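**Student:** Please read through the structure below; I'll follow up with questions.
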Amino acid sequence: GVTQQDDFVFTFQELEEARKREYAHREGYGLKLVGYDIARYGNDKCAAVCIQQMGALIWKIRFVDEWEKKDLSYTTGRILSTTSELKADGNIIDEDGIGGGPLDVINANIKDPDDQYKGFRNPNYSYQDNKFYGNPRTKNAFALKDLILKGHISLVDEGLCQELLTLRYTFMTDGRRILISKEKLRKEGIKSPNKADALIMAISLIGEVKQRQESQYEPNIQQYSKDESLFKLAGVR
């Protein structure tokens, strides 16, 4: 018969090990990053996943939440209260499709530009943009896989791991990897991986944090006061 042309991003074994992993929290770390996935279809759910930095390279799932698709004001309120309860340092909201709604409403009402939420978009990369992956969602799913393989993330949550197990990728004609879309999974009767996507978005913020932390050791850092958040330093929007 015809062989399946696509493959799973994560193995059960990888995820199981990452779920059982324990880390002590190191002094001076604790930054929290939250990804928000916004439901597009009636039976989809919205999801929030927070990762916390436990050490220079080490992360842990701190919080996972999911809620029924509701109107814009409900979802916006839920996002704001989650961010505030978690005292999150960085937030990113899925901006494609309907996600732009909450992002726009929240950012329009935030006075301090340093507190603005980032938007996560998933356009196709050209080969020049990225020689390995077809879009940001794929790139960050494989960044998560890298963290898992290096033993740098504790996944804790079983429901989240079950969703990660459903993520599949295929190869584009030019040999780059691209995740199978949520729409295609949905047509195959696979539950939308909302929590997995929220985690992938949170992972996308890590690069900016690490860049910032590494440059803290450069001489020009003295001009900043100690209590300024890393995100302010990073100019993350």
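**Student:** Translational diffusion coefficient, Stokes-Einstein: compute it for the chain using the Kirkwood radius over C-alpha pairs as Rh, at 20 °C and 1.002 mPa s, and state it as an integer in µm² s⁻¹. Intermediate values should be presented prior to the final figure.
**Tutor:** Working: Rh = 18.6 Å.
For these conditions, the coefficient is 115 µm²/s.
**Student:** Right, another one. Mind putting a number on the dipole of the chain about its Cα centre? Charges go on the C-beta only, +1 for Lys and Arg and -1 for Asp and Glu, and I need it in Debye to the nearest 20. Don't jump to the answer; show the numbers that get you there.
**Tutor:** Details: 35 positive and 36 negative charges, 55 e Å.
Approximately 260 debye in magnitude.
**Student:** Considering the options GLY101, LEU15, PHE120, tell which one lies farthest towards the positive end of the dipole of the chain, charges being +1 on Lys and Arg and -1 on Asp and Glu at the Cβ, about the Cα centre.
**Tutor:** Selected residue: LEU15.
**Student:** Roughly how many whole Å is it from the C-alpha centroid of the range 90-149 to that of the range 37-60?
**Tutor:** Their Cα centres are 12 Å away from one another.
**Student:** So with the 1.4 Å probe, I'd like the accessible area per residue for the chain, rounded to whole Å².
**Tutor:** 52
**Student:** Which residue fluctuates the most in the chain, going by a Gaussian network model with Cα springs under 10 Å, if the choices are VAL49, VAL209, VAL34?
**Tutor:** In this elastic network of the chain, the residue with the biggest mean-square fluctuation among VAL49, VAL209, VAL34 is VAL209.
**Student:** Quick one: with all protein chains in place, what share of the accessible area of the chain is carbon or sulfur, to the nearest percent (1.4 Å probe)? Walk me through the numbers before you get to the answer.
**Tutor:** Values: 6100 of 12270 Å².
Accessible surface attributable to carbon and sulfur in the chain totals 50 percent.
**Student:** DSSP beta bridges in the chain, what fraction antiparallel, as a percent rounded to 5?
**Tutor:** Values: 20 of 30 bridges.
Roughly 65 percent of the beta bridges in the chain run antiparallel, per DSSP.
**Student:** If each of GLU188 and LYS131 carries a label point 7 Å out from its Cα toward its Cβ, how far apart are those two points in nm?
**Tutor:** Taking the two extended label points, one gets 3.0 nm.
**Student:** Report the extension gain between ILE110 and ALA56 in nm, rounded to one decimal, defined as 0.36 nm multiplied by the number of residues separating them, less their alpha carbon distance.
**Tutor:** Working: separation 54, 0.36 × 54 = 19.44 nm, distance 2.99 nm.
Fully extending the segment from ILE110 to ALA56 adds 16.5 nm.
**Student:** Now for a separate question. Once R0 is set to 45 Å, what does the formula 1/(1 + (r/R0)^6) return for the Cβ-Cβ distance between ASN43 and SER215, expressed as a FRET efficiency to the nearest 0.05? Could the numbers behind the result be given before it?
**Tutor:** Working: r = 45 Å, r/R0 = 0.99.
The formula returns an efficiency of 0.50 here.
The values are calculated or read from the model by the stated rules, or taken from the named source; none is laboratory data. Small disclaimer: the values here were computed from a predicted structure and weren't measured. Cβ: placed from backbone, ideal geometry, glycine included. Neighbour counts: every protein chain shown. Just the protein is used for accessible areas: all its heavy atoms, side chains included, with ligands, DNA and RNA removed. Shrake-Rupley method; radii C 1.70, N 1.55, O 1.52, S 1.80 Å.
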